[in-house]
Amino acid sequence: MAFETKALDPKGSSQKISDKDFEQLRDYIYNVCGIYFHSSKKYFLESRLARRMESTGSKSHADYFQQVRAGATGSAELKKLLDEITTNETCFFRNLPQLNALETKLLPEIIAHKGKIGFKKLRIWSAGSSSGEEAYTMAMLLLEKRATLLKDWIIEIVGTDINETVIGQAKEGIYNSYSVRNTPDFYLKKYFKEESAGRFVLSPEVKKLASFSQLNLYDDNKMLFMKSFDFIFCANVLIYFDTASKSKVVQHFYNNLQPYGYFFLGQSESLHGVNDKFRTVHFPGGFTYNK
Ligand SMILES: C[S@@+](CC[C@H](N)C(=O)[O-])C[C@H]1O[C@@H](n2cnc3c(N)ncnc32)[C@H](O)[C@@H]1O
């Protein structure tokens with residue numbers, strides 16, 4: 001792939017990316033992870049690239065691109081590039097109507113179903129988990145049912161994200177005031193310790209319920225192993241994908257969801273034009289999908 005070469009200016013500020021270089025890099029990123037940068041996002045990509053180019057001492061976009069594609073070193077740099085270009089905004093208790101429906105209707109329904117066949121194991125996947133707030137929100141809700149609905153049940157909550165930095169933060173389980181801004185007082189008091197002003201440490205019993213690992217949702221081979229989930233959350237992730245990459249990823253979610261399980265997107269998202277196999281299930285303030 002031929003990149004146009006322009007030197008970094010001497011002060012190290014970002015150089016303008018040419019249309020041709022932008023398109024090549026955009027297509028490369030798209031093929032790796034499904035995230036599609038529309039041309040209106042050219043300046044966003046340019047500024048994120050500038051940081052990586054400075055760290056790696058690259059003289060031009062061509063030079064940087066060559067490094068990203070260079071074997072083992074390149075794959076380490078690719079991870080850093082992906083860490084730089086992904087948007088990781090999240091918080092605890094982000095989608096209350098969804099959580100209410102889950103707690104009052106969808107969870108009891110699944111428990112009744114699985115209980116009948118004697119399979120007392122619940123598997124939940126937060127796909128595109130960012131720093132873990134979504135997965136840990138579920139962990140806290142389920143801990144509240146431990147003595148009743150979920151007595152003697154095995155609970156597995158899995159959080160995955162392409163961004164290694166946020167996966168590290170999820171494993172650590174330490175949050176700031178911004179992350180807990182929507183957390184009801186009851187949960188904040190019970191499951192967090194405010195160690196110092198604005199530093200909230202999650203309790204070990206919550207952390208124990210969830211595990212986190214790096215996973216690219218666009219990697220078909222890895223997606224095949226994500227089996228048998230009762231609830232899959234993929235909220236505010238596919239908004240960065242185009243229709244074709246959304247369809248590919250959603251088909252995996254469809255295959256990996258239990259027949260009676262539920263698939264959740266973010267509040268402003270839908271599968272319209274993406275997948276017509278899922279059935280829409282409405283609840284007050286939103287909707288979810290099942291098979
Ligand atoms: C805006 S956050 C959403 C976090 C959380 N699901 C929520 O709704 O609060 C989007 C996350 O999706 C991740 N992501 C983007 N593309 C991905 C991919 N191809 N595979 C896995 N994760 C991806 C990003 O790294 C980011 O952490």
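The values are calculated or read from the model by the stated rules, or taken from the named source; none is laboratory data. The structure displayed is predicted, hence computed values, not measured ones. Note that we place each Cβ from the backbone using ideal geometry, even for glycine, and neighbour counts take in every protein chain shown.
Any chance segment 232-251 includes a residue that's within 21 Å of LEU142 (Cα to Cα) and not hydrophobic (A, V, I, L, M, F, W, C)? Scanning segment 232-251, I find no residue that is within 21 Å of LEU142 (Cα to Cα) and not hydrophobic (A, V, I, L, M, F, W, C), so the answer is no.
When you go through THR183, THR137, THR165, THR160 one by one, which is the residue that is surrounded by fewer than 20 Cβ atoms within 10 Å (Cβ to Cβ) and at negative phi? Walk me through how you get there before you give the answer.
Working: THR183 fails: surrounded by fewer than 20 Cβ atoms within 10 Å (Cβ to Cβ); THR137 fails: surrounded by fewer than 20 Cβ atoms within 10 Å (Cβ to Cβ); THR160 fails: surrounded by fewer than 20 Cβ atoms within 10 Å (Cβ to Cβ).
Result: THR165 is the single residue among THR183, THR137, THR165, THR160 that is surrounded by fewer than 20 Cβ atoms within 10 Å (Cβ to Cβ) and at negative phi.
Conditions tested, residue by residue: (1) within 14 Å of the ligand (Cβ to nearest atom); (2) part of a helix (DSSP H, G or I); (3) surrounded by 13 or more Cβ atoms within 10 Å (Cβ to Cβ); (4) in the same structural domain as SER245 (by TED's automatic domain parsing).
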| position | (1), (2), (3), (4) |
| --- | --- |
| LEU25 | no, yes, yes, no |
| LEU45 | no, yes, yes, no |
| MET53 | no, yes, yes, no |
| LYS59 | no, no, yes, no |
| GLN66 | no, yes, yes, no |
| LYS80 | yes, yes, yes, no |
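Within the option set THR137, THR90, being assigned to a loop (DSSP other than H, G, I, E, B) and within 12 Å of the ligand (Cβ to nearest atom) holds for one residue only, THR90.
Answer yes or no: is there a residue in segment 102-112 that is assigned by TED's automatic domain parsing to the domain that holds ALA135, within 16 Å of the ligand (Cβ to nearest atom) and crowded, with 17+ Cβ neighbours inside 10 Å. Write out each step before concluding.
Initial filter on segment 102-112 (assigned by TED's automatic domain parsing to the domain that holds ALA135): 102-112.
Those still in the list that are within 16 Å of the ligand (Cβ to nearest atom) too: 102.
Filter once more, keeping what is crowded, with 17+ Cβ neighbours inside 10 Å: 102.
Yes: one or more hits.
If the Cβ limit is 6 Å and pairs must be 6+ apart or interchain, which residue in segment 171-186 that is within 14 Å of SER130 (Cα to Cα) and modelled with pLDDT of 95 or more pairs with which residue that is part of a loop (DSSP other than H, G, I, E, B) and not small (Gly, Ala, Ser)? The qualifying pairs are SER179/CYS91. Filtering LEU122, LEU96 for residues that are away from the ligand (no atom under 16 Å from the Cβ) and under 22 Å from the mean Cα position of the chain (by Cα) leaves a single hit, LEU122.
Among the candidates PHE3, PHE37, the residue that is crowded, with 16+ Cβ neighbours inside 10 Å, at pLDDT 95 or above and hydrophobic (A, V, I, L, M, F, W, C) is uniquely PHE37.
None of LYS207, LYS277, LYS222, LYS248 is surrounded by fewer than 13 Cβ atoms within 10 Å (Cβ to Cβ), in the same structural domain as ILE110 (by TED's automatic domain parsing) and at pLDDT 95 or above except LYS277.
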